[in-house]
Amino acid sequence: MNLRLIVILFLLIMLPFGSCMAQQRDLSDKQRNFFVELYPKIVAANKNVQKERNHIIRIEQMINSGDKLTFEDVAFLNLEVVKYKVTQPHSPKQFKTTILELKNRVNVIPPDLILAQAAIESAWGTSRFAKEGNNYFGIHCYGKGCGLYPGNDKNSRFMVKSYDNVEEGIADYIYILNTHRAYKEFRQLRAYDINKNVKLTAKNLAEGLSKYSEKGNEYVKLVQFVAKTYVPTDITTLSEQHEIETAQSEK
């Protein structure tokens, strides 16, 4: 994916000239539909991650209380350790360290951040990678046949990953932010906000995404701008209304 081209086109086409203040804008039907159709899929993906996190917290509480873990709890913990690439525990003390590492990684991503990145990376769902590969986040892969060649360049050193459905792509995006070493700062910012009881938002957490794009801090500012300017503050209500209207139209 040519991130430079996407960013430039996004700025030239979607953002009005002479605009300096990030104020909520009226959306086109295309933009609104993009958000309301993705939003419930994002909510579902976050719920799956939150379910894992809740189980980890319950295990932490059992350890702190001196309760014996069940076979199922130990099996679950071992699976999470492998899945989220954290230190394998070999003693009660290490169990606590492992739990802390898992809590830092197994967590949700704020929907406004996901929606903003999806809009940017997929050019509002119009990119070839979104349409043909269900990839809304410009995620790369390196295995043979793992995705689509950028610009149909079969000599490219990477491919843009393909997914069976949009939900799978969203889940992988969340997993990458939760595990890849490039997003350690992102996870630290999230942990800090949680400890301070601060609501997770794109404005704060986008600061940890400078390595997501070759544009660095310019990309961070773009994500923050799109999240504040384009992602509806009443996205939950809009999404629910959209689902009702869709169900009624299908009767």
Practice task
Go through (1) over 18 Å from Ile42 (Cβ atoms); (2) surrounded by fewer than 18 Cβ atoms within 10 Å (Cβ to Cβ); (3) basic (Lys, Arg) and name the single condition Arg187 misses.
Solution key: (2)
Handout entry: Every residue from region 130-146 that is at pLDDT below 95 and on the phi > 0 side of the Ramachandran plot
Key = Gly145
Fill in the blank from the handout: Counting only helices (runs of 4 or more DSSP H) entirely within region 40-129, those with at least 2 residues that are at pLDDT below 95 and more than 25 Å from Val226 (Cβ to Cβ) are 71-83, 92-105
Practice task
Collect the residues in region 192-216 that are under 16 Å from Phe137 (Cβ atoms), part of a loop (DSSP other than H, G, I, E, B) and not small (Gly, Ala, Ser), keeping them in residue-number order.
Solution key: Leu209, Lys211, Tyr212, Glu214, Lys215
Problem - Index of the failed condition, Ser156 passing every other in (1) modelled with pLDDT of 95 or more; (2) small (Gly, Ala, Ser); (3) in contact with a Phe, Trp or Tyr (Cβ under 8 Å, 6 or more places away or on another chain) - result: (1)
Problem - Breaking point among (1) surrounded by fewer than 16 Cβ atoms within 10 Å (Cβ to Cβ); (2) in contact with a Lys or Arg (Cβ under 8 Å, 6 or more places away or on another chain); (3) not polar (S, T, N, Q), for Lys199 - result: (2)
Practice task
Inspect all residues belonging to region 181-191 and state whether any of them is of a type in the set (A, V, I, L, M, F, W, C), in a helix (DSSP H, G or I), farther than 18 Å from Phe137 by Cβ and at pLDDT 95 or above.
Solution key: yes
Problem - Scan of region 130-156 for residues that are more than 18 Å from Tyr212 (Cα to Cα), part of a loop (DSSP other than H, G, I, E, B) and out of contact with any Gly (no Cβ under 6 Å at 6 or more places or on another chain), ordered by number - result: Gly143, Lys144, Gly145, Cys146, Tyr149, Asp153, Lys154, Asn155, Ser156
Exercise for the section: Report, by residue number, each residue of region 134-152 that is farther than 11 Å from Tyr163 by Cα and within 20 Å of the chain's Cα centre (by Cα). Expected result: Phe137, Gly138, His140, Cys141
Problem - Meets criteria (surrounded by 14 or more Cβ atoms within 10 Å (Cβ to Cβ), charged (D, E, K, R) and more than 22 Å from the chain's Cα centre (by Cα)) for Arg58 - result: no
Exercise for the section: State the number of residues belonging to region 125-166 that are aromatic (Phe, Trp, Tyr) and crowded, with 17+ Cβ neighbours inside 10 Å. Expected result: 4
Practice task
Find the residue count for region 61-82, including only residues that are among the polar types (S, T, N, Q) and surrounded by 12 or more Cβ atoms within 10 Å (Cβ to Cβ).
Solution key: 1
Handout entry: Boolean, Glu240 is more than 19 Å from Ala119 (Cβ to Cβ) and not polar (S, T, N, Q)
Key = yes
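The values are calculated or read from the model by the stated rules, or taken from the named source; none is laboratory data. Only a predicted model underlies this, so the values are computations on that prediction, with no experimental measurement involved. Virtual Cβ from ideal backbone geometry, glycine too; neighbours counted across all protein chains shown.
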